[in-house]
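Notes for the one structure printed next.
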Amino acid sequence: MDIILAYFKFYFMVGLLWLLIHEITGWKMDNGGRLRLFLFWPVTMLAWLVGFIQAMIDSWNNPWQ
């Protein structure tokens with residue numbers, strides 16, 4: 001049971017950190033957007049990572065565009 005609580009604590013701590021990053025950088029959100037960022041952070045973080053990696057690969061393949 002302690003392991004499950006540790007995973008929940010980690011999940012919510014990372015969600016809170018991800019939400020705070022978006023709040024500090026000035027994103028305009030309503031409470032629904034905040035809740036989605038807090039609870040479903042793996043989806044948004046994965047989408048951000050995929051977009052970042054794709055942009056890096058595109059810049060390597062087309063350096064003059």
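None of the figures in this text is laboratory data; all of them are computed from the coordinates on show. In this text the structure is predicted, and so the values were computed from the model without any measurement. Positions of Cβ are backbone-derived with ideal geometry, glycine not excepted, and every protein chain shown enters the neighbour counts.
A compact table of results
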{"quantity": "Sites matching trypsin sites (Lys or Arg not before Pro) across region 27-58 that sit in DSSP coil, with at most 12 neighbouring C-beta atoms within 10 Å", "calculated": "K28"}
{"quantity": "Two-site FRET efficiency, T44 against D2, from Cβ-Cβ distance with R₀ of 25 Å, rounded to 0.05", "calculated": "0.30"}
{"quantity": "FRET efficiency for I24 and W60, using Cβ-Cβ distance with R0 set to 35 Å, rounded to 0.05", "calculated": "0.70"}
{"quantity": "Mean Cβ neighbour count within 10 Å, used as a protection proxy, ranking 3-12, 17-26 highest first", "calculated": "17-26, 3-12"}
{"quantity": "Centre separation in Å (Cα based) which lies between region 40-57 and region 1-36", "calculated": "17"}
